[in-house]
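See structure below.
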Amino acid sequence: MRIGALTDVGRVRKINEDSFRIFESDEYSYAIVADGMGGHLAGEVASSMAVDSISNYISENLTDDLDRFQAMEVIRQGFLYANSQIYEYSCINEKVMGMGTTATLCMVRGGYLIFAHVGDSRAYIIDEKICQITRDHSYVQELVKLGQITPEQAKRHPRRNIITRAMGVECSVKVDTGVKTYSGERILICSDGLIDTIEDAELLEIVRTGEPNECAKKLVDIANERGGSDNITAVVMEGEMTDA
């Protein structure tokens, strides 16, 4: 597995509230991107707690004997565990009360791509084309789903950054999960600071060639060149084709 990752504060924000975590082993590899919210310190704390808690839960509970669906359930439970950790911490610490975070994870294991997702950070599969495998939990996505606006209008909607689901905001959270066969495609996981500035066609062109670390840097550089109005995180993963 080759993985390139970069996070940047951008050109407007004073604090980087994004966090990411990468794990690689012979049995499986994964990456998590989390985009915190809640103001000074709070968002940074929430995103850091999310990637730490999910990683620790997976390390303690994901064993070789589990099939892909059982592994997916371990990841889902890891998200629920992280949610409870963030929520409980915010309840007893007034300075970070109300904090939350997105969290998006992609794992390559035994010929499968397993993913889990809360919020509006995104995961894509990229080869000859680009395919978004997560669905934004956002206000504008709900409008698109209801047919009230088009996907193109959603990109410019003034309320496009309002999310409808986040980690740590409530005592429980619904986690989207999925499993796909994996044949060595590239995987992009990113925060909305990248998505808001770069179109899917550009993502495809940049990510499909070059070393993963070079791709991640180029994506972040472009987002900054176009204003860098938010924190920016990009993770590009590429593994060898394996038998499912």
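Limited to the range 7-21, what total is found for residues that are open to solvent by less than 60 Å² (accessible area, probe 1.4 Å) and not acidic (Asp, Glu)?
Just the residues of the range 7-21 that are open to solvent by less than 60 Å² (accessible area, probe 1.4 Å), to begin with: 7-10, 15-19.
Imposing the further condition that a residue be not acidic (Asp, Glu) reduces the set to 7, 9-10, 15-16, 19.
Total meeting the criteria: 6.
For the range 7-51, enumerate the residues that are over 14 Å from the mean Cα position of the chain (by Cα), among the charged types (D, E, K, R) and more than 19 Å from Met97 (Cβ to Cβ).
Answer for the range 7-51, where residues must be over 14 Å from the mean Cα position of the chain (by Cα), among the charged types (D, E, K, R) and more than 19 Å from Met97 (Cβ to Cβ): Asp8, Arg11, Arg13, Lys14, Glu24, Asp26, Glu27.
Tell me yes or no: at least one residue of the range 135-149 is closer than 18 Å to Ala50 by Cα, within 16 Å of the chain's Cα centre (by Cα), of a type in the set (Lys, Arg) and not in a helix (DSSP H, G or I).
Within the range 135-149, not a single residue is closer than 18 Å to Ala50 by Cα, within 16 Å of the chain's Cα centre (by Cα), of a type in the set (Lys, Arg) and not in a helix (DSSP H, G or I).
Based on this model, can you work out whether Ser59 counts as small (Gly, Ala, Ser) and either surrounded by fewer than 19 Cβ atoms within 10 Å (Cβ to Cβ) or touching a residue at least 40 places away in the same chain (Cβ under 8 Å) (or both)? Spell out the reasoning first.
Values: small (Gly, Ala, Ser): yes; either surrounded by fewer than 19 Cβ atoms within 10 Å (Cβ to Cβ) or touching a residue at least 40 places away in the same chain (Cβ under 8 Å) (or both): yes.
The answer is yes for Ser59.
Please go through the range 1-33 and pick out each residue that is assigned to a loop (DSSP other than H, G, I, E, B), touching a residue at least 12 places away in the same chain (Cβ under 8 Å) and either of a type in the set (Asp, Glu) or farther than 25 Å from Tyr182 by Cβ (or both).
So the first thing to find is which residues in the range 1-33 are assigned to a loop (DSSP other than H, G, I, E, B), and the list is 1, 9-17, 25-28.
Next, only the ones that are touching a residue at least 12 places away in the same chain (Cβ under 8 Å) stay: 1, 9-13, 15-17, 27-28.
Hits for the range 1-33 are Val9, Gly10, Arg11, Val12, Arg13, Ile15, Asn16, Glu17, Glu27.
Assuming Glu94 fulfils every condition listed in (1) under 24 Å from Tyr139 (Cα atoms); (2) without any contact (Cβ under 8 Å) to a residue 12 or more places away in the chain apart from one, which condition is it?
Looking at each condition in turn, Glu94 falls short on (1).
Does Val235 count as open to solvent by less than 80 Å² (accessible area, probe 1.4 Å), at negative phi, modelled with pLDDT of 90 or more and assigned to a strand (DSSP E or B)?
On the way: open to solvent by less than 80 Å² (accessible area, probe 1.4 Å): yes; at negative phi: yes; modelled with pLDDT of 90 or more: yes; assigned to a strand (DSSP E or B): yes.
Judged against the criteria, Val235 is a match.
Conditions first: (1) more than 18 Å from Ala5 (Cβ to Cβ); (2) in contact (Cβ under 8 Å) with a residue 40 or more places away in the chain; (3) in contact with an Asp or Glu (Cβ under 7 Å, 6 or more places away or on another chain). Ile125 passes all but one, so which condition is the exception?
For Ile125, the exception is condition (1).
Kindly indicate whether Gln153 is under 21 Å from Gly193 (Cβ atoms), modelled with pLDDT under 95 and either in a loop (DSSP other than H, G, I, E, B) or open to solvent by 60 Å² or more (accessible area, probe 1.4 Å) (or both).
Yes.
Could you go through the range 120-130 and let me know if any residue there is open to solvent by less than 40 Å² (accessible area, probe 1.4 Å), assigned to a loop (DSSP other than H, G, I, E, B) and either modelled with pLDDT of 95 or more or in contact with a helix residue (DSSP H, G or I) (Cβ under 8 Å, 6 or more places away or on another chain) (or both).
yes
Looking at Met107, Met99, which one is surrounded by 24 or more Cβ atoms within 10 Å (Cβ to Cβ) and within 16 Å of Thr181 (Cα to Cα)?
On the way: Met99 fails: within 16 Å of Thr181 (Cα to Cα).
On inspection, the qualifying residue turns out to be Met107.
Please find, within the range 180-197, the residue that is nearest to Gly43 (Cα to Cα) out of those that are in a strand (DSSP E or B) and open to solvent by 40 Å² or more (accessible area, probe 1.4 Å). Spell out the reasoning first.
Of the range 180-197, the ones in a strand (DSSP E or B) are 180-181, 186-190.
Still in the running and open to solvent by 40 Å² or more (accessible area, probe 1.4 Å): 180-181.
Details: Lys180: 31, Thr181: 34 Å.
Among residues in the range 180-197 that are in a strand (DSSP E or B) and open to solvent by 40 Å² or more (accessible area, probe 1.4 Å), the one nearest to Gly43 (Cα to Cα) is Lys180.
Out of (1) over 19 Å from the mean Cα position of the chain (by Cα); (2) assigned to a helix (DSSP H, G or I), what's the single condition that is false for Val74?
Among (1) over 19 Å from the mean Cα position of the chain (by Cα); (2) assigned to a helix (DSSP H, G or I), the lone unmet condition for Val74 is (1).
With the structure loaded, tell me whether Thr209 is within 15 Å of Gly4 (Cα to Cα) and open to solvent by 80 Å² or more (accessible area, probe 1.4 Å) or whether it fails that test.
Numbers: within 15 Å of Gly4 (Cα to Cα): yes; open to solvent by 80 Å² or more (accessible area, probe 1.4 Å): yes.
The answer is yes for Thr209.
The values are calculated or read from the model by the stated rules, or taken from the named source; none is laboratory data. It should be emphasised that the depicted structure is a prediction, and the values quoted were computed from it without experimental measurement. Don't worry about glycine lacking a Cβ; one is built from the backbone with ideal geometry, like all the others, and counts go over all protein chains shown. Side chains included, ligands, DNA and RNA excluded: accessible areas come from the protein's heavy atoms. Shrake-Rupley method; radii C 1.70, N 1.55, O 1.52, S 1.80 Å.
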